[in-house]
Amino acid sequence: MTVPGRGGTLALDGVLTADEAALTADRIAALQRPDGAIPWFRGHHLDPWDHVEAAMALDAAGHHDRARAAYEWLARNQLPDGSWYAAYDDGDAERPTDRSRETNFCAYVAVGVLHHHLATGDDPFRRRMWPVVAAAVDFVLDLQHEDGRIGWKREADGAAVTDALLTGCASVHQALRCALRLAELAGDPRPDWELATGRLAHAVRCHPERFLDKSRYSMDWYYPVLGGVLRGEAARARLASRWDEFVVPGLGVRCVLPNPWVTGGESAELALSLWAAGESDRAAEILGAIGHLRAEDGLYWTGYVYADDAVWPEERTSWTAGSVLLAVAALNGHSATTAVFGGDALPDGLAPDCCAGAGHPER
């Protein structure tokens, strides 16, 4: 295992050689449009969350100019209310294909901007992007309920969808903590964000009944850990609780029960969650198990239906490759990646006065 600093080489025994990781990063970069947009693959759509995930992988691999271009695309194409559309045809900002605006998609820019700043030390970039982040967070928090959960999205006509998703809200929690750190760096205190972050964390940690039941999906299982809501023994207990349901030894992680389908993105995200819970060896095992999804060009197939011995769907996405590189980067100690996914130095927000004994997670 090599240990990069801000940039550096990514390699992990049994998972990726340095040359293989570099090839994967180059292939993600090759999918990027000249205007900075990173679609799933050329000819498919871009969504803001996966666009940021791919950009973070580029930073982890040292492609800082490419990553900065991805964030500048977001800055140029932010809507007046601080949001972005849920999907754009091939990343073309003039051709949105889904005009709803999803809260977790919009919040994730905060994670990416902080990650890029930590990877590069680029203060002018951070200052330029701060208003973008602030507007995005305000859009997201406009959909927060008093009980802490955050509504899924606004429809194309502006109507609020009040139902909340556990996975999405756990992702928003990570983003809010990164946004609070950016606020500190900007010298722009946001006490309302601190309160919102604490209420959201409490809802995810203690009140699963407030969210739509998506327990068939592995993301609802591990995202409270990945999003930084659970740490320490609580995180390890959650990951142990459904391990046998979702993990297929030697193949990876199921996306949804009862389907015999393992997916690269969920597997890499579980590896990141395991790393955050202090289980790096198991994280490396999961990453090693999805080697069968790696294509010759360095990208990764989205998934594999093991009952049929078939790759499905037949697509290799920027975000699947990106999630693998980010997991490898965390295990390698890449400082920017460990900061945004470990969260030890990120603000926690203010815990609400509810449910005695349910304060901040163990750190």
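Please treat every number below as a calculation from the coordinates, not as lab data. Quick caveat: nothing in here was measured; it's all calculated off a predicted structure. Because the Cβ atoms are built from the backbone with ideal geometry, glycine has one as well, and the counts that use them run over all protein chains shown.
Some notes on this structure:
- Net dipole in debye of the chain [+1 Lys, Arg Cβ; -1 Asp, Glu Cβ; about Cα centre; nearest 20]: 520
- Helical contribution to [θ] at 222 nm, DSSP H n ≥ 4, -39,500 (n - 2.57), averaged over the chain, rounded to 500: -15500 deg cm²/dmol
- Applied to region 285-302, the Karplus parametrisation 6.51 cos²θ - 1.76 cosθ + 1.60 on θ = phi - 60° returns per-residue 3J(HN,Hα) values of 5, 5, 5, x, 5, 9, x, 5, 8, 6, 8, 4, 7, x, 7, 10, 5, 4 Hz, with x for Gly and Pro.
- Order by protection proxy (mean Cβ within 10 Å, highest first), peptides 309-317, 14-22, 327-335: 327-335, 14-22, 309-317
- Taking a Cβ cut-off of under 11 Å around Ala11, the surrounding Lys, Arg, Asp and Glu residues balance to a net charge of -3, with basic ones at +1 and acidic ones at -1.
- Alpha-carbon centroid distance for the pair region 315-344 / region 12-50, whole angstrom: 13
- Computed from backbone phi with θ = phi - 60° and the Karplus coefficients 6.51, -1.76 and 1.60, the 3J(HN,Hα) list for region 173-178 is 4, 4, 5, 5, 5, 5 Hz; x is used for glycine and proline.
- Averaging the Cα positions of each part gives two centres, and for region 109-153 and region 199-253 these lie 23 Å apart.
- Residues with amide H under 5 Å from that of Val15, placed H, sequence gap 5 or more: none
- Residue with peak Gaussian network fluctuation, the chain [Cα springs, cutoff 10 Å], from Ala196, Ala159, Ala235: Ala159
- Cα-Cα separations in the chain greater than 39 Å, expressed as whole percent: 7
- Summary of packing: across the peptides 238-246, 337-345, the per-residue average of other C-beta atoms within 10 Å ranks them, highest first, as 337-345, 238-246.
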